[in-house]
Amino acid sequence: KDFFFKIKTMLEKAKTPYVMFCDNDDFMNPAGIEQSIEFLNKNRDYVSCGGLILGVTPHLKNKNTEILSQKILYNQNINIDQNSSSARVLNYLENYRMPCWYNVYRRQALLDAVHIFIESGIQDFLLMELFLALSTSVIGKHYFLKNNVQYVRQTNSSQTNASIKSFFSRLLDTNLGQEIGWFMESLKQQLSNERKKQKDHFP
């Protein structure tokens, strides 16, 4: 729960129009990030832009670090670019091969989604990532630049994933079932509010 509030606080304190998450064992490619920012500057109806995410596996041998393997971890061929909020959400649910967690975001759009998530009462870490993807899809579109590498993940190094229980354990030991209900209810309410805003704007 503290982690979610830390994200909210960071987004509130940021002064830039764009923000991006980066884990402390991964690497950002400034040239790729600049391409995403350039796209967002030209396309106001998109809330985020990303690209290919590469993975590297380092190994320390004789005091020298060697790269054992490198590969493309995520490569999205489908953009979330429908004009309807509900159509974007459904499209992303059906094609969630490329998470937008590491995209460059419009700061306010991501902050709005984080506020809604915290108000929902959800505590599950993995539900957070999916919720923010779908919640920001209500707000606007996501674009993935096919030849742009803006993020490189170091594989087999995360302590977070090792600490997350299996889905079955989470289902039995926590309120995951109830939280999934909150997830759907919060998303439904956000979609309803968005439709009302559009109706008021275009009577």
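Annotations
- Note on the range 163-196: residues that are at pLDDT below 85, charged (D, E, K, R) and surrounded by 11 or more Cβ atoms within 10 Å (Cβ to Cβ) amount to 3.
- Among the residues of this structure, Arg97 does not count as one that is open to solvent by less than 30 Å² (accessible area, probe 1.4 Å), farther than 24 Å from Met10 by Cβ and modelled with pLDDT under 80.
- For the range 100-130, the candidate set comprises residues that are within 17 Å of Phe21 (Cα to Cα) and of a type in the set (S, T, N, Q); within that set, the residue that is surrounded by the fewest Cβ atoms within 10 Å (Cβ to Cβ) is Gln108.
- Odd one out for Ile139 among (1) closer than 24 Å to Arg44 by Cα; (2) open to solvent by less than 10 Å² (accessible area, probe 1.4 Å); (3) not polar (S, T, N, Q): (2)
- Ser86 being open to solvent by less than 20 Å² (accessible area, probe 1.4 Å) and modelled with pLDDT of 90 or more: no
- In the condition set (1) modelled with pLDDT of 95 or more; (2) open to solvent by less than 20 Å² (accessible area, probe 1.4 Å); (3) among the aliphatic types (A, V, I, L, M), Ile53 is compliant with all but (1).
The values are calculated or read from the model by the stated rules, or taken from the named source; none is laboratory data. The model shown is predicted, which means the values in this text are computed figures rather than measured ones. Neighbour counts are summed over all protein chains in view; Cβ atoms, including those assigned to glycine, are modelled from backbone coordinates with ideal geometry. Side chains are part of the model used for accessible areas, which takes the heavy atoms of the whole protein and leaves out ligands, DNA and RNA. Shrake-Rupley method; radii C 1.70, N 1.55, O 1.52, S 1.80 Å.
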